[in-house]
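The values are calculated or read from the model by the stated rules, or taken from the named source; none is laboratory data. Given the structure is predicted, the values throughout are model-derived calculations rather than measurements. Positions of Cβ are backbone-derived with ideal geometry, glycine not excepted, and every protein chain shown enters the neighbour counts. For accessibility, only protein heavy atoms count, side chains too; no ligands or nucleic acids. Shrake-Rupley method; radii C 1.70, N 1.55, O 1.52, S 1.80 Å.
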Amino acid sequence: MSELTFEQMLEESFKTIHNGEVVDGTVIDVKPDEIILNIGYKADGIITRSEYTNEPNVDLTTVVSVGDSMTVKVLKVNDGEGQVLLTYKRLAAEKGNERLREAYENKEVLKAPVTQILGGGLSVVVDEARVFIPASLVSDTYEKDLSKYQNQEIEFVISEFNPRRNRIIGDRRQLLVAERSERQKELFAKLKIGDTVEGVVKNVTDFGAFIDLGGVDGLLHISEMSWGRVDNPKKIFTVGEKLKVLVKDIHDTKIALSLKFPETNPWANAAEDYAVGKTVTGRVARMTDFGAFVELTPGVDALLHVSQISRAHVDKPSDVLSVGQEITAKIVDLNEPEKKISLSMKALEPAPSQAETDVQSEAE
């Protein structure tokens, strides 16, 4: 039997490796864009930047040091230049996929930072395995701009797991819905009609404003915004504004709110404030052919009949009055149960002299 040459013995001292095999190695050199490993083979192993991480432009000398031990996967035993092409990222992703599979089966809540904002949603990475969260599953409300989530750590569950089709879907929405439902139960358990609560204006419409009470929305209808008249809620409230509101009614999951607090009711002392014979000042709010409605204070309108505008004949209120005009009149009637007040400007005018009366009678 012939003796082996030194080169042959050296060749046989190295282990045999194959594509796809997982091997351990020691870092013997690091460059900004590649890592060189001794893997106990006749050729060194190379990990390029793109096979180490998904992060672009990372300087590998800042994350790996000579002497570090690494477990990697063989991509090519010979890359054409006699070197072994290795991957760290893909092996880590395989381990990450296994982690995600377990989380999917166990319905585990995961937490990870958002690494990328995509056109249709968010991308997060769990142990080098990517998870896509569609825009429709990011929140329990529609969000047009997802940029605020960049680099933010969020919680989610895996709702679909199919790594063969590169389809691993995360769902944050169901967690928010469940959390919101729990807050609703807690809030409804302690909320009572007549309570004063604090909320935040969530949305303003032509008919009212929706107020977030902490997981539950209540409706502040336009008719409950003030004791006075409100024409346009959007001119009064802004989204994000904090408000103290009164719980007027609760029906199933619907909450009616009000800003008409009993202690601010302008009719509370009507018998004293608007006693018959009292002289008051108000602003003409609107007019009809039969009279003008005068706002004495927000929530209290009084009727000035056309016949009570002046001792002189008036055909229409608009002939002598205008909306917004301030007038002084005398209260001639108060119907507190029906919240009706009648005014007279004529009653404050001096009575005509006998001679003026006689002249008027002759003219007629």
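Please tell me if residue 240 is in contact with a Phe, Trp or Tyr (Cβ under 8 Å, 6 or more places away or on another chain) and more than 18 Å from residue 346 (Cβ to Cβ). Step through it out loud before you land on a result.
Numbers: in contact with a Phe, Trp or Tyr (Cβ under 8 Å, 6 or more places away or on another chain): no; more than 18 Å from residue 346 (Cβ to Cβ): yes.
When the stated conditions are applied, residue 240 does not pass them.
Out of all the residues in the stretch 188-231, which are closer than 24 Å to residue 267 by Cα and not hydrophobic (A, V, I, L, M, F, W, C)?
Within the stretch 188-231, 194, 195, 196, 208, 221, 223, 224, 226, 228, 229, 231 meet the criteria.
So which residues in the stretch 303-319 are more than 51 Å from the chain's Cα centre (by Cα), open to solvent by 60 Å² or more (accessible area, probe 1.4 Å) and not acidic (Asp, Glu), if there are any at all?
Matches in the stretch 303-319: 311, 312, 313, 316.
Identify, from the list 22, 27, the residue that is out of contact with any Phe, Trp or Tyr (no Cβ under 8 Å at 6 or more places or on another chain), at pLDDT below 90 and under 26 Å from residue 65 (Cα atoms).
Numbers: 27 fails: at pLDDT below 90.
Exactly one residue qualifies, and that residue is 22.
Of the residues in the stretch 251-305, how many are in contact (Cβ under 8 Å) with a residue 60 or more places away in the chain and in a loop (DSSP other than H, G, I, E, B)?
Final tally of qualifying residues: 6.
Would you point out the residue of the stretch 321-339, among those that are assigned to a loop (DSSP other than H, G, I, E, B) and open to solvent by 80 Å² or more (accessible area, probe 1.4 Å), that is modelled with the highest pLDDT?
Restricting attention to the stretch 321-339, the residues satisfying the condition of being assigned to a loop (DSSP other than H, G, I, E, B) are 321-325, 336-339.
Filter again for open to solvent by 80 Å² or more (accessible area, probe 1.4 Å), leaving 323, 337-339.
Numbers: 323: 94, 337: 90, 338: 90, 339: 89.
Restricting to residues being assigned to a loop (DSSP other than H, G, I, E, B) and open to solvent by 80 Å² or more (accessible area, probe 1.4 Å), the top hit is 323.
Among strands (runs of 3 or more DSSP E) lying entirely in the stretch 29-82, which contain 2 or more residues that are more than 20 Å from residue 93 (Cα to Cα)?
By residue number, 34-38.
Check residue 223 against each of (1) closer than 29 Å to residue 340 by Cα; (2) surrounded by 15 or more Cβ atoms within 10 Å (Cβ to Cβ) and name the one condition it does not meet.
Single failed check for residue 223: (2).
Scan the stretch 271-320 for residues that are among the β-branched types (Val, Ile, Thr) and in contact with a strand residue (DSSP E or B) (Cβ under 6 Å, 6 or more places away or on another chain) and report the count.
Number satisfying all stated conditions: 7.
Looking at the stretch 168-184, I want the residues that are at negative phi and have a partner that is open to solvent by 60 Å² or more (accessible area, probe 1.4 Å) and assigned to a loop (DSSP other than H, G, I, E, B) with Cβ atoms under 8 Å, at least 6 apart or on another chain. Which pairs are those?
Matching pairs, first to second residue: 175/109; 184/253.
Restricting attention to the stretch 118-147, report how many residues are over 20 Å from the mean Cα position of the chain (by Cα) and charged (D, E, K, R).
3
In the stretch 196-238, which residues are over 30 Å from residue 302 (Cα atoms), in a loop (DSSP other than H, G, I, E, B) and of a type in the set (S, T, N, Q)?
238
Scan the stretch 260-302 for residues that are among the aliphatic types (A, V, I, L, M) and open to solvent by less than 40 Å² (accessible area, probe 1.4 Å) and jot them down.
Those that are among the aliphatic types (A, V, I, L, M) and open to solvent by less than 40 Å² (accessible area, probe 1.4 Å): 270, 275, 280, 284, 285, 292, 294, 296, 300, 302.
Listed here are the residues, each with its yes/no results for (1) over 29 Å from residue 284 (Cβ atoms); (2) at pLDDT 90 or above; (3) surrounded by 11 or more Cβ atoms within 10 Å (Cβ to Cβ); (4) of a type outside the set (Phe, Trp, Tyr).
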| residue | (1), (2), (3), (4) |
| --- | --- |
| 194 | yes, yes, no, yes |
| 202 | yes, yes, yes, yes |
| 210 | yes, yes, yes, no |
| 227 | no, no, yes, no |
| 230 | no, no, yes, yes |
| 237 | no, yes, yes, no |
| 240 | yes, yes, no, yes |
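Which one of these is in contact with a strand residue (DSSP E or B) (Cβ under 6 Å, 6 or more places away or on another chain), open to solvent by less than 20 Å² (accessible area, probe 1.4 Å) and of a type in the set (A, V, I, L, M): 157, 109?
Details: 109 fails: open to solvent by less than 20 Å² (accessible area, probe 1.4 Å).
One residue alone meets the criteria, 157.
For the stretch 13-44, enumerate the residues that are surrounded by fewer than 13 Cβ atoms within 10 Å (Cβ to Cβ) and of a type in the set (Phe, Trp, Tyr).
Result: 14, single match.
Select, from 54, 78, the only residue that is surrounded by 14 or more Cβ atoms within 10 Å (Cβ to Cβ) and out of contact with any Asp or Glu (no Cβ under 7 Å at 6 or more places or on another chain). Break it down into steps so the answer makes sense when it comes.
Values: 78 fails: surrounded by 14 or more Cβ atoms within 10 Å (Cβ to Cβ).
Step by step, each of 54, 78 is checked, and only 54 is surrounded by 14 or more Cβ atoms within 10 Å (Cβ to Cβ) and out of contact with any Asp or Glu (no Cβ under 7 Å at 6 or more places or on another chain).
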